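First the structure, in the form of structure tokens, and then the observations on it.
Please treat every number below as a calculation from the coordinates, not as lab data. The shown structure was predicted, so the numbers you read here are calculated from the model rather than taken from an experiment. Cβ: placed from backbone, ideal geometry, glycine included. Neighbour counts: every protein chain shown.
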Amino acid sequence: MKRSSTLPITLGELARIQPLAGAEPHLADPSRPVEQVVLAETFDRLRRCTPHGLVVLHNEAATGGWSLAAALHLAWERNLSAVVVARSVAGGSSVALAERLHMSLIVIDDDPIDVALQLAGQVSAPAAARALRQARLAELLAEQTGIRGVLGVLNRELQQVPVALVVGGVVIAGQSAALTERPQVRLIEVEVQAPGERSAARLIAAVPSTGPASPSVSATASVSLEQVESLLRLARPSLQAAWAQSRLDTATRAAHEQAAFDLLRRLPSAPSPADVEAPPWTSELGWQVGEANRAVWLAPLRPSGEPPPEITYLIRASWQRGHSTWPLVAEGDGWISWHSGADPADVTSLRRALAGFRDSAVAHRLVIGVGRAHAGVAGLMRSVAEARLAAHVAREDGPGAVQWFDQVGANAALAWLPTTEIAQVADLTLEELMAAKDRAALVQTVLAVLDSGGSLSQASQQLGVHRNTVLARLARARQLGLTYDEPGQRLALHVLSYALTALWSNNELT
Amino acid sequence: MTSVSGYVGASSSITAEDVPALYEGAKFYSPAVGDSNKTSINSWLAGLLDRNGPVPLLRVESLPPETPCVSVCVIGSGSAMSDLPPAGDEFELAVRQIERLQQITFGAIYPLAAATISALVAVVTAAQLRVPLLDADGMGRAFALIHHTAMHLSGVSPTPLAAVGPTGESVLIEVPAGPRADRMLRANVDTVGGWAALAAYPTTAGVLRRAALPGTMSRIANVGRLLLDRTDPDRLVTRLGAITGCRRLARGRIAELEHLSRPSDVTIPAHPSSLVVDEVGGLGRQLRIELRSEIVAVFADGALIAGAPDLMCLLDVSRGTLATLDSLEPGDLIDVLVTPADAVWYSPAGIEMVGMGSHGIPLVHPRRR
């Protein structure tokens, strides 16, 4: 464990712990060190104060009206850090004067003597006071159940230091100001390993540093750097817990994402779809819609209506393993996800993800279609349509198959054929053929011949049988009603053969 | 004497025409006093001066040193005085009581304070007794207690003193130590009607030459003439400065009136309160004006810039008149004026008696830093 700092405690730190935590602070500069606490009963005592002290007014020095004004002025003259005074004495004009003099004024409800004694203890043992502050913060953090709540506590605690939770460059919660590049700001990062995540999230705090200043100032700055880091570490368990909690609450999340995606889908219908920007709420969900959006459609091999939420949960669990920011939206009979990046050609992470997902895809009997990369929200929607098409094509190749839209082309049309219904047509019109035991071989052969434009040699090569076998099969097929060479019936029979082959090959695989 | 615009100098007599100026001037030196008695006291005095003729106003040095003199003033509450107006003979009676006690006849009257209504009743008394009025007083402004006088600092006893109430009852007090007199007197003032006509500090002109503050009556007459001659506030402040040495501390708008019941000093009866003024122009300072029975201190951004025994008063900029403390409201634009008191009040003994310490403000006076 790091040795805790014994540098003078700052006003901001003191104001965070009792007894000042319950007080009304008007802090001009929370980073001012407090080196001493003075309980001032008279103005004489005030005049003898040394700089960087905190003075608690009491008795004659706190009779109200003029006395606080005069005390504030003296504190300003003596370069004190703060003036603490009972509420009965402090009026609105005193606060105004304190602001004018850039002097911190803290209004307390408790007995000034008690407060002064407690403060003196804290100032003499800054490490203990800091520990107290951390303990208090830990309590606050423990009360939080959501990621936003945790970030809210951190941002409140570290007032001038914006904190954000970031995954892969996307702000999940907190203040995005933490990420903006500014001069004289030091970024502090703490990794947060979320359960089941491969790439860790990071808590980032932007701590303003005072730049090339006197050694004493930079010393105070380093204290706060150290402290900020320890506070961020303190937030880590709460954040992990909140994260896990949010993961468990998938039903809500799924509904949330579905609704959001619907909204997103409607956006491109705006007058000039090219200009549509991703609305800010998408980033709240961790979504990214950027330069190059490549959609992925996860679809069951055999669609059977909307999948139950349990399946969605399982799919989400395996798909998002290591890619928590990739969305997963249940859509119709499948799920949509997408990957956003700056380079449309960069598919390495997607390929890696698909490879990692393969086992799950086989297990859940899914096929996967991948769209092309397009820019913006409208582009994303286009890519989604492409991915869906590709997924239909992928069904030909059985569970776990991945089809990229770039490689599909017009063949995609075939994927839309209602093979089951066409097979039923075959049952009715080609009774004899359907009754035959070798029907699969016959239909496959006819399909191969038609596919190769009537070339027997090509067909035999494709099927891996002798040319004569092909001839024999064709003759038998013609006998059973598959009159493929009649021009009027060729298209119908070609389609039929295709449908039956696709169906039977799937059944075999099943 | 007629009131010639721009006249500055010592007067030799007071006529009915000087009464309004005297009243305004007296108000300048006691800004806490309201206007409730203005009409009645002015017409009373003007009538007296019309009937009895002008009252001679003499420098102390112009009288033989052995001339017995006595001061008069009003003690008690101004609102009690408007409820129970003077019958007219209270001041005369008070002087006569001391004459009877000391077996002398006073040759001149002087005001205990050439400020507030006390300045006018001194003229009343002189007119009634047909004796001259001294162009001198004991305070040069108004202070709260009857021993807050230059005579007391010079070792002149305020007693024997006589206080006559509007009921006709009177109290005669003799004490060896001056400060005790005020305490005994106040215990009786309520009983005799809430206010009383006071005759005190019987002494001689010779003693007053060193013990009283000279020229204060003609000063209030001159100040009063300037105030009556309505002019723009900037010019008024300049003219007042020429006569009184006053200067403007700041011009500002009243932001807040704090009526606090704060722990108050026991020696001076008053309810401490504060006036917060945001300076207009200049440095934009926040002024805090501390009120007791008068303005006792002015802070700018918490730094003391003026305090008792300085005389501080507020000028209503929009009306070009003095603002009395009971007429202030947030939003009023005011000039804060400070006038140095007579030098005797800045002596250690003077500061101790009437300085800010006596009002519970333990700070060093800006003039003594």
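For chain B, relative contact order (Cα pairs under 8 Å, six or more residues apart, normalised by length) works out to 18 percent.
Residues of the stretch B:280-313 falling in the label zone of B:Arg248, defined by backbone nitrogen less than 17 Å from a point 7 Å along Cα to beta-carbon, are B:280-287, B:312-313. To the nearest ten degrees, helix A:487-509 and the longest principal axis of the Cα atoms of chain A are 50 degrees apart.
Here is the size of the stretch A:418-509 from its Cα atoms: Rg then Dmax, 12.1, 33 Å. Ordering B:Val344, A:Val402 from the fewest to the most neighbouring beta carbons within 10 Å gives B:Val344, A:Val402.
Shown for chain B are the DSSP H helices of 20 Å or more along their axis, judged by Cα atoms, with a mean Kyte-Doolittle hydropathy of at least -0.5: B:38-52, B:116-129.
Grouping the Cα pair distances of the protein assembly as shown into 10 Å bins from zero gives a pair-distance distribution of 2, 10, 14, 12, 10, 9, 8, 7, 7, 6, 5, 4, 3, 2, 2, 1, 0 percent in increasing distance order. Annotation: amide H-H contacts under 5 Å for B:Thr204 (H modelled 1.01 Å from N, sequence separation of 5 or more, or interchain): B:Cys69. Please state the shape class of the stretch B:87-178: rounded when a/c is under 1.5, otherwise prolate if a/b exceeds b/c and oblate if not, all from the C-alpha gyration tensor. Since a/c stays below 1.5, the shape of the stretch B:87-178 is classed as rounded. Could you tell me the center-to-center distance, by alpha carbons, between the stretch A:339-392 and the stretch A:1-76 in angstrom? Rounded to whole Å, the Cα centres lie 61 Å apart. Rounded to the nearest 20, the Cβ-based charge dipole of the stretch A:418-509 about its Cα centre (Lys and Arg +1, Asp and Glu -1) stands at 320 debye. Cβ-to-Cβ counts within 10 Å put A:Val393, A:Val443 in ascending order as A:Val393, A:Val443, the fewest first. Exposure proxy for B:Lys27, A:Lys437: other Cβ atoms within 10 Å of each Cβ, ordered fewest to most, give A:Lys437, B:Lys27. Once you order the gyration tensor axes a ≥ b ≥ c over the Cα atoms, which shape class does the stretch B:237-368 get: rounded for a/c under 1.5, otherwise prolate or oblate by comparing a/b with b/c? Oblate, since a/c reaches 1.5 and b/c is not below a/b.
With one equal scatterer per alpha carbon and no solvent term, the Debye-computed log10 I(q)/I(0) for the stretch A:1-131 at 0.09, 0.13, 0.21, 0.22 1/Å reads -0.22, -0.45, -1.20, -1.33. Taking every alpha-carbon pair under 8 Å whose residues sit at least 6 apart, the stretch B:13-216 reaches a relative contact order of 29 percent. Compared with the direct C-alpha span, the chain from A:Gln407 to A:Asp114 gains 97.6 nm at full extension, assuming 0.36 nm per residue. Taking the longest Cα principal axis of chain A as reference, the axis of helix A:126-143 is set at about 40 degrees.
Stokes-Einstein diffusion for chain A, with the hydrodynamic radius set to the Kirkwood value over Cα pairs and evaluated at 20 °C in a medium of 1.002 mPa s, equals 75 µm²/s. Let me make sure I get this right: for the stretch B:13-216, a, b and c are the square roots of the gyration tensor eigenvalues over alpha carbons, sorted descending. Under 1.5 in a/c it's rounded, otherwise prolate if a/b > b/c, else oblate. Which is it? Verdict is rounded for the stretch B:13-216. Here the contact order of the stretch B:237-368, divided by its residue count and restricted to Cα pairs under 8 Å and six or more residues apart, works out to 25 percent. The calculated P(r) of chain B, using every Cα pair and 10 Å bins from 0, goes 5, 26, 35, 25, 9, 1, 0 in percent. Which loop-located trypsin sites (Lys or Arg not before Pro) does the stretch A:1-106 contain, where loop means any DSSP state but H, G, I, E or B and the Cβ has at most 15 other Cβ atoms within 10 Å? Taking the stretch A:1-106 and a limit of 15 other Cβ atoms within 10 Å, the loop trypsin sites (Lys or Arg not before Pro) found are A:Lys2, A:Arg3, A:Arg48, A:Arg87.
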